[in-house]
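**Q** First the structure, then my questions, so here it is.
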Amino acid sequence: MSQCLCIHNRKIGPGQPVFIVAEMSANHGQDFDQAVKIIRAAKEAGADAVKLQTYTPDTITINCDNDCFVIKDTIWAGKSLYQLYGEACTPWEWQPKLQQVAHSLGLEFFSTPFDASAVDFLEDMDVRVHKVASFELVDLPLLKKIGSTGKPVILSTGMAT
C-alpha cells in the first residue's frame, strides 16, 4: 500500500517535497480582482495549491435573527450567521474563473465543500482533490458524497477528538 497521496501528477507523502496550500477563505473581501491577486501572491510565495471554501449562506445556515444565530463578543458582534456567511463566501460564479487563473500559474486549485450541492458543483469543475473541514468530520452524508467521487481527500482534524 502506497503511503503517498497523488494529486494530479504530484506525489505527497514521506520522502516527497512539502506540499504548500494557500487558504484564500474570505480574504478576497467580495472583490474578484483581490481574489486573483491572492492567487498570484500565493504562487509568488511558493505555494503549490490554493484552496477556498464552497458554500452559500443558504447552504450553511438559515436566515434567522434569533439570539442563537447572532454573533456576540467578536468583531462581527451583532451580525447574524447568515450575514457573516454572505460576506465571507466566495461567489460560485467566480470559482471556475479562479481555477483557470490558478492552473495557468501551475497551482492546484481545490475547495472545502460544505454540502452535497457544493460537491456536485466542484465535480462539474473537475477539481482533482476535495478538502473536508474538521467541523464536518461527523457529517456522514457529506463524507459519503465526497468519497463517492473517488478523488483524493484531505481531512482537517483540528476540531476532532
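**Q** Could you go through the range 14-33 and let me know if any residue there is hydroxyl-bearing (Ser, Thr, Tyr) and in contact (Cβ under 8 Å) with a residue 12 or more places away in the chain.
**A** Yes, that holds for at least one residue.
**Q** Same structure again: Would you list the strands (runs of 3 or more DSSP E) that sit entirely within the range 1-81 and hold 1 or more residues that are open to solvent by 60 Å² or more (accessible area, probe 1.4 Å)?
**A** Answer list for the range 1-81: 5-7, 10-12, 21-23.
**Q** So, one more: Would you check if there is a residue in the range 132-143 being in a helix (DSSP H, G or I) and among the β-branched types (Val, Ile, Thr)?
**A** no
**Q** Please go through the range 15-44 and pick out each residue that is of a type outside the set (Asp, Glu) and more than 21 Å from residue 128 (Cβ to Cβ).
**A** Hits for the range 15-44 are 15, 26, 27, 28, 29, 30, 32, 34, 37, 41.
**Q** Let me ask something else. Scan the range 29-37 and give yes if some residue there is of a type in the set (A, V, I, L, M) and over 27 Å from residue 103 (Cα atoms), otherwise no.
**A** Checked the range 29-37: no residue is of a type in the set (A, V, I, L, M) and over 27 Å from residue 103 (Cα atoms).
**Q** What's the number of the condition residue 148 fails, among (1) loosely packed, with under 14 Cβ neighbours inside 10 Å; (2) among the polar types (S, T, N, Q); (3) over 22 Å from residue 60 (Cα atoms)?
**A** With respect to (1) loosely packed, with under 14 Cβ neighbours inside 10 Å; (2) among the polar types (S, T, N, Q); (3) over 22 Å from residue 60 (Cα atoms), residue 148 is out only on (3).
**Q** Are any of the residues in the range 120-142 under 24 Å from residue 10 (Cβ atoms), open to solvent by less than 40 Å² (accessible area, probe 1.4 Å), among the polar types (S, T, N, Q) and in contact with an Asp or Glu (Cβ under 9 Å, 6 or more places away or on another chain)?
**A** Within the range 120-142, not a single residue is under 24 Å from residue 10 (Cβ atoms), open to solvent by less than 40 Å² (accessible area, probe 1.4 Å), among the polar types (S, T, N, Q) and in contact with an Asp or Glu (Cβ under 9 Å, 6 or more places away or on another chain).
**Q** Hey, any hits in the range 88-95 for a residue that's outside any loop (DSSP other than H, G, I, E, B), closer than 23 Å to residue 154 by Cα and modelled with pLDDT of 95 or more?
**A** yes
**Q** Would you tally the residues in the range 134-152 being among the hydrophobic types (A, V, I, L, M, F, W, C) and at pLDDT below 95?
**A** Selection size over the range 134-152: 3.
The values are calculated or read from the model by the stated rules, or taken from the named source; none is laboratory data. None of the values given here were measured: they were computed from a predicted structure. Every residue, glycine as well, gets a Cβ built from its backbone with ideal geometry; the counts of neighbours run over all protein chains shown. The area values use the complete protein model at the heavy-atom level, side chains included, leaving out ligands, DNA and RNA. Shrake-Rupley method; radii C 1.70, N 1.55, O 1.52, S 1.80 Å.
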